[in-house]
Amino acid sequence: MEIRDAVLSKQHQIKKAEIPHGWSMEAADLVNKLIVRTPATRLGGKGGIKEIKAHPWFKGFPWAELESKQLKSPFR
């Protein structure tokens, strides 16, 4: 209950100084936009999957290959 109350009581953000080693600014921005408390203002909340796919972190990602099941898994 304490964790749930803490999550619901305030909006969390990864600040520039807190970005984990090896993360890009785009990665931190993506996470920040996905952890917005209000679903309607969360990334994808208004624009759906198109809004998520358009995020800079996914730039160059082969969505068509993924959707057609042609993208090879990086792990087996």
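Overview of values
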{"item": "Partner aspartates and glutamates for Lys15 [C-alpha distance under 13 Å; skip if fewer than 8 residues away on the same chain]", "result": "Glu26, Asp29"}
{"item": "Approximate spin-label separation Gln70-Gln13, in nm, with each point projected 7 Å along Cα-to-Cβ", "result": "4.1 nm"}
{"item": "At R0 = 22 Å, FRET efficiency that the Cβ-Cβ distance of Asn32 and Arg4 yields, to 0.05", "result": "0.60"}
{"item": "12 Å beta-carbon shell around Glu26, net charge (K/R +1, D/E -1)", "result": "+1"}
{"item": "Stokes-Einstein diffusion coefficient of the chain, Kirkwood radius over Cα pairs, 37 °C, 0.692 mPa s, in µm²/s", "result": "224 µm²/s"}
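All of the numbers you see were taken from the coordinates with simple rules; none came from a lab. Only a predicted model underlies this, so the values are computations on that prediction, with no experimental measurement involved. Here Cβ is always computed from backbone atoms with ideal geometry, including for glycine, and neighbour counts include all displayed protein chains.
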